[in-house]
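Below: the structure, in structure tokens.
The values are calculated or read from the model by the stated rules, or taken from the named source; none is laboratory data. These figures come from a predicted structure and were not determined experimentally. Methodologically, a virtual Cβ is constructed for each residue, glycine included, from the backbone with ideal geometry; neighbour enumeration extends over all protein chains shown. For accessibility, only protein heavy atoms count, side chains too; no ligands or nucleic acids. Shrake-Rupley method; radii C 1.70, N 1.55, O 1.52, S 1.80 Å.
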Amino acid sequence: MMDSDFDYEIENQDFSAIGKRGIWRIDGREKASGSAIYTADIKLPGMLYARVFNSPYPHAGIKSMDTSKVEAFPGVRAVLRSDDPEIKDKVVPGSYGAPWYVLPDWAMWEGEPIGLVVAADSEQICDEALKLVEIDWDIRPFITDIEDAQKPGAPELHNKVPNDIYDAVNENNPYASAFSELFRIAEGHRTFEQGSVKKGFAEADKIIEFKARRRMHTWAQPEIPSAICRWNGGYPEIWVKHQHAYEHKQVMPVWFDVPMNKVTLHVPYQGAMFGGWNWMNWSTVIHYISALLSKRTGKPVKLCFNRRDDFYGGALDCGTYEFKVGAKKDGTITAVAIKSDYVNGPTAAEANTGIYHFIENSRIPNLFKENNSVVVNRGPVTAVRCEQLANTLCFNMVFSHVAAELGLDPTEVALKNDGYDGEDSEYLTECKKRFGKPQRDSLRECIEAGKKAIDWDNKWHTPGTRKLPNGKMHGIGFVWTHEWNSKRGAGTVGVLFEPDGSVSLMAQRADTGLCAETAYCQIAADELGMRYEDVFLNSHKDSGFAMMTPDGSCNLCTNGWVIRRACRKAKRKLLEFAALGYQEEFHSYPPAFEGCGPEDLDVKDSVIFVKANPAISKTVKEVVKEVMCVQWWKHPQIYDWSWKQTGAHVDPTGEASEELIDPNKRPHFCRQAHFMEVEVDPETGEIEVTNVVCVNDVGKAINPEGVQGQQYGGVYMAVGRGKHEEVILDEPTGVMLNGNLLDYKITTILDCGPIDPIIVETAMGYGPYGANGIGENVADLTSTLLGPAVYNALGVAVDDFPITPAKILKALGKI
């Protein structure tokens with residue numbers, strides 16, 4: 001390993017591809033031309049289609065079932081029932097190893113897949129056949145509102161996988177992980193305390209108390225989920241639409257007792273994913289069902305869902321919040337206490353959820369958090385771009401209300417409270433020295449850039465005081481937090497010089513519509529000294545290597561280190577071959593640069609040259625072609641690979657530091673700040689977002705257009721969440737009313753006004769070249785930015801999200 005494999009410094013590095021604009025995306029032509037193949041596009045010879053029965057009731061079980069008419073329906077080829085001896089009460093490993101029933105017979109929400117699966121010649125036949133099933137139901141009382149569920153006399157709801165079964169399955173599951181604990185039934189409540197909030201409140205000049213609520217918003221994605229399986233000679237071949245595609249290859253041996261090396265995995269293009277469905281156990285178990293049906297019928301089977309099926313789930317911030325905050329007159333926050341009641345579970349699994357960002361990037365010493373899980377008859381909730389939603393909501397609410405109550409500029413309140421784990425900015429300065437980071441104030445740089453771009457000093461005003469000529473009220477808001485994440489994950493990659501001198505990066509991962517693969521090729525090109533156009537990554541192919549999956553905003557930091565290390569090793573091998581040649585029993589290859597050592601050579605623009613005399617050079621193709629031009633299995637391949645797991649972090653000297661293993665011992669140095677202007681019509685309650693400025697310190701922008709793509713996309717997703725996204729149920733029946741793209745309002749880029757995406761690069765991230773993640777940051781943080789902007793416009797707070805016109809008018813006393 002080279003000593004510099006883990007240096008974070010980016011100064012004085014001569015990049016040809018990294019950080020450059022105008023780089024062609026490696027998937028650009030396929031996607032722009034419409035020739036890209038997605039999982040939904042896959043059609044195999046003789047393929048059957050499968051659909052699962054959806055419960056028409058929000059809380060009911062199947063007592064008995066008659067499927068004779070379904071089985072007799074023309075075109076139906078197989079029927080799988082929940083009482084089938086092979087799957088009855090069977091629990092198998094699902095997402096991240098967490099267990100789930102193959103086919104449950106009890107529904108916890110209207111539309112839940114239960115009881116019956118039909119495989120037929122078409123999806124339409126499946127749908128018609130499923131209408132013919134006759135079921136004797138055990139229908140029970142239901143409840144869909146989190147506040148109603150906590151009232152005396154609320155109906156008792158049915159649990160799915162009891163924890164004793166959960167433990168038994170995980171004990172025998174080699175692929176269970178710590179993440180699977182997030183899927184355990186959350187019972188009771190959890191609390192977290194740091195410092196003493198009692199002491200903090202006593203020190204405060206003002207105590208601020210308020211409540212907030214986040215209604216359920218969907219995880220729906222552009223491409224509808226599906227699962228495809230075909231058996232070849234007794235071994236499964238699967239096509240996966242999933243962010244964690246490789247985990248399906250891991251669980252196939254557990255399910256069907258087949259060796260993992262006989263499982264063929266295909267990962268076509270993915271029509272965007274934001275977490276959600278991918279975290280659900282059912283998203284993995286559907287591959288068990290398609291594989292079982294394929295095995296029974298001898299045909300490929302594609303298990304399909306419809307658009308409505310994809311709307312049932314929600315995000316982790318769904319719930320109610322109660323806040324109590326202590327603050328000094330100058331904006332110094334002395335204590336924060338928050339009680340949260342979350343819908344349906346996993347958000348409450350960690351005691352510090354909702355308070356985490358106060359730990360990660362504030363000097364506030366006294367913190368308390370109580371988390372409760374409240375089960376209702378709605379779909380499941382999970383991380384939907386992303387698990388930080390509850391954290392950013394709580395963080396934004398506290399800082400916005402403190403600034404408002406004290407009449408202070410919110411940007412000054414942010415700067416006054418910036419820090420880490422109860423320590424101030426001076427502590428961060430010392431940490432930067434220890435980590436070899438530049439001495440820069442990321443938050444101040446982000447705020448100054450954003451204030452200048454939006455003209456904050458001239459536009460920020462006393463709440464409710466600026467009426468525009470069109471009769472609407474002008475408002476402006478600000479939010480901030482740290483930039484995450486580089487903490488977790490593992491990845492492997494192979495680097496191969498092909499006979500024509502091009503380079504193949506070998507690693508499989510899910511493409512979710514980002515330009516991550518392009519960024520990886522940019523890193524490889526600069527590390528190898530190759531031209532960008534000579535490097536390619538086919539992430540759809542099962543090459544035996546798997547990179548970190550898209551989640552957690554940590555892919556670049558994890559996979560970037562992996563690629564960088566592998567490329568440096570491969571480059572070293574290339575130069576050794578060029579300088580020393582190669583000899584074996586049957587063949588010998590003279591050195592391309594006789595008399596030189598590997599240290600005398602370098603590579604740039606796909607040309608190997610002598611450092612002391614660059615005129616002496618050969619192209620990489622000229623050097624490697626002789627090695628590969630005959631029966632290559634007898635000859636050396638110029639190839640290497642690398643692996644990295646980010647459990648133990650690495651300091652700039654390249655030595656693992658035990659003190660850094662705990663993520664809470666490793667401060668985030670990069671910050672982000674976002675600004676929004678709105679116009680609110682006090683007569684109709686309508687909100688128009690007229691201007692947004694996003695400022696993200698990403699450490700180092702490997703692909704600037706990719707970074708700005710995340711800023712643009714994050715804004716319009718967040719605006720939709722803030723203004724109108726909500727899954728609406730019919731109160732008397734519990735039936736979802738807006739499970740489609742017409743009635744569920746999804747914001748587009750045209751609904752946001754101008755968006756100004758600003759990139760700050762301080763090199764203070766923990767990824768290669770000081771880079772940091774951005775994927776989830778903007779969408780999460782700006783989801784509640786509408787709140788302080790509306791408050792600034794009207795002078796009254798509306799903290800029930802989404803902020804609809806009706807809620808505006810109610811706050812103004814007009815309805």
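Whenever a residue of segment 529-548 is assigned by TED's automatic domain parsing to the domain that holds R568, its partners that are crowded, with 18+ Cβ neighbours inside 10 Å and among the charged types (D, E, K, R), lying with C-beta atoms within less than 6 angstrom and at least six residues away or across chains, give the pairs L537/E517; S539/R509; S539/D511; S539/E517; M547/R509. The residue pairs whose first member lies in segment 726-753 and is closer than 16 Å to P56 by Cα, whose second member is of a type in the set (D, E, K, R), and whose beta carbons are closer than 6 Å, counting only pairs six or more residues apart or on different chains, are G734/E110; V735/E110; L737/D730; G739/R308.
Condition check ((1) touching a Gly at 6+ places or on another chain (Cβ under 9 Å); (2) in the same structural domain as G722 (by TED's automatic domain parsing); (3) buried (at least 24 other Cβ atoms within 10 Å of the Cβ); (4) in a loop (DSSP other than H, G, I, E, B)) across all residues:
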site: V778; (1), (2), (3), (4): yes, yes, yes, no
site: A789; (1), (2), (3), (4): yes, yes, yes, no
site: A793; (1), (2), (3), (4): yes, yes, yes, no
site: V798; (1), (2), (3), (4): yes, yes, no, yes
site: K807; (1), (2), (3), (4): yes, yes, no, no
site: K810; (1), (2), (3), (4): yes, yes, no, no
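Screening segment 44-126 for strands (runs of 3 or more DSSP E) wholly inside it with 2 or more residues that are open to solvent by less than 20 Å² (accessible area, probe 1.4 Å) and small (G, A, S) returns the ranges 60-66, 113-120. The set of residues from segment 260-272 being in contact (Cβ under 8 Å) with a residue 12 or more places away in the chain and touching a Pro at 6+ places or on another chain (Cβ under 7 Å) comprises V263, G271, A272. If the condition is being open to solvent by less than 10 Å² (accessible area, probe 1.4 Å) and out of contact with any Phe, Trp or Tyr (no Cβ under 8 Å at 6 or more places or on another chain), then segment 388-416 contributes L389, T392, N396, V402, A403. Taking G298, is it at positive phi and either at pLDDT 95 or above or in contact with a His (Cβ under 7 Å, 6 or more places away or on another chain) (or both)? Yes.
Output yes when any residue across segment 713-720 is of a type outside the set (D, E, K, R), closer than 18 Å to K807 by Cα and over 20 Å from the mean Cα position of the chain (by Cα), and no when none is. So far as segment 713-720 goes, no, none of its residues is of a type outside the set (D, E, K, R), closer than 18 Å to K807 by Cα and over 20 Å from the mean Cα position of the chain (by Cα). As an exercise: evaluate L514 against (1) open to solvent by 50 Å² or more (accessible area, probe 1.4 Å); (2) of a type outside the set (D, E); (3) touching a residue at least 40 places away in the same chain (Cβ under 8 Å); (4) out of contact with any helix residue (DSSP H, G or I) (no Cβ under 9 Å at 6 or more places or on another chain) and give the number of the one condition it does not meet. So the condition that L514 fails would be (4). For D341, indicate whether it is touching a Gly at 6+ places or on another chain (Cβ under 8 Å) and surrounded by fewer than 24 Cβ atoms within 10 Å (Cβ to Cβ). Yes, satisfied. Is it the case, given these coordinates, that K451 is within 32 Å of the chain's Cα centre (by Cα), open to solvent by 10 Å² or more (accessible area, probe 1.4 Å) and not assigned by TED's automatic domain parsing to the domain that holds D551? It is true that K451 is within 32 Å of the chain's Cα centre (by Cα), open to solvent by 10 Å² or more (accessible area, probe 1.4 Å) and not assigned by TED's automatic domain parsing to the domain that holds D551. Please go through segment 527-548 and pick out each residue that is surrounded by fewer than 24 Cβ atoms within 10 Å (Cβ to Cβ) and assigned to a loop (DSSP other than H, G, I, E, B). The answer is G529, R531, N538, S539, H540, K541, D542, S543, G544, F545. Screening M260 on (1) over 24 Å from the mean Cα position of the chain (by Cα); (2) closer than 22 Å to S82 by Cα; (3) not β-branched (V, I, T) shows it passes everything except condition (2).
Considering segment 427-443, and only residues there that are in contact with a Ser or Thr (Cβ under 9 Å, 6 or more places away or on another chain) and not aliphatic (A, V, I, L, M), the residue that is surrounded by the fewest Cβ atoms within 10 Å (Cβ to Cβ) turns out to be Q439. I'd like to check something: does segment 592-601 contain any residue that is surrounded by fewer than 16 Cβ atoms within 10 Å (Cβ to Cβ) and more than 25 Å from Q13 (Cβ to Cβ)? Scanning segment 592-601, I find at least one residue that is surrounded by fewer than 16 Cβ atoms within 10 Å (Cβ to Cβ) and more than 25 Å from Q13 (Cβ to Cβ), so the answer is yes.
Out of the residues in segment 217-239 that are in contact with an Asp or Glu (Cβ under 9 Å, 6 or more places away or on another chain) and aliphatic (A, V, I, L, M), which is least open to solvent (accessible area, probe 1.4 Å)? Only one residue fits best here, namely I228.
Is it the case that segment 727-739 has a residue that's over 18 Å from V479 (Cα atoms) and in a helix (DSSP H, G or I)? Scanning segment 727-739, I find no residue that is over 18 Å from V479 (Cα atoms) and in a helix (DSSP H, G or I), so the answer is no. Restricting attention to segment 266-282, the residues that are surrounded by fewer than 23 Cβ atoms within 10 Å (Cβ to Cβ) and out of contact with any strand residue (DSSP E or B) (no Cβ under 7 Å at 6 or more places or on another chain) total 1. Checking each residue of segment 240-253 against the condition of being farther than 23 Å from A383 by Cα, more than 17 Å from the chain's Cα centre (by Cα) and either outside the structural domain of H540 (by TED's automatic domain parsing) or surrounded by fewer than 22 Cβ atoms within 10 Å (Cβ to Cβ) (or both) gives at least one match. In the set V610, V630, only one residue is modelled with pLDDT of 95 or more and over 30 Å from P757 (Cα atoms); that residue is V610. Of everything listed in (1) touching a helix residue (DSSP H, G or I) at 6+ places or on another chain (Cβ under 8 Å); (2) in a loop (DSSP other than H, G, I, E, B), the single unmet condition for F210 is (2).
When the criteria are applied in full, A524 meets the requirement of being of a type outside the set (F, W, Y), touching a helix residue (DSSP H, G or I) at 6+ places or on another chain (Cβ under 6 Å), buried (at least 20 other Cβ atoms within 10 Å of the Cβ) and assigned to a helix (DSSP H, G or I).
Does R509 meet the test of being in contact with a strand residue (DSSP E or B) (Cβ under 9 Å, 6 or more places away or on another chain), charged (D, E, K, R) and surrounded by fewer than 18 Cβ atoms within 10 Å (Cβ to Cβ)? No: the conditions fail for R509. Scanning segment 454-476 for residues that are under 17 Å from F675 (Cα atoms) and surrounded by fewer than 16 Cβ atoms within 10 Å (Cβ to Cβ) turns up D455, D457, N458, H461, T462. Scanning segment 145-158 finds one or more residues that are open to solvent by less than 20 Å² (accessible area, probe 1.4 Å) and either touching a His at 6+ places or on another chain (Cβ under 8 Å) or farther than 30 Å from P74 by Cβ (or both).
Consider W137 carefully, then state whether it is at pLDDT below 95 and part of a strand (DSSP E or B). Answer is no for this residue.
As a summary of the residue check, T747 satisfies the conditions (1) modelled with pLDDT of 95 or more; (2) open to solvent by less than 30 Å² (accessible area, probe 1.4 Å); (3) among the β-branched types (V, I, T) except for the one numbered (1). Here G734, G713 are screened, and the one residue that is at pLDDT below 95 and surrounded by 18 or more Cβ atoms within 10 Å (Cβ to Cβ) is G713.
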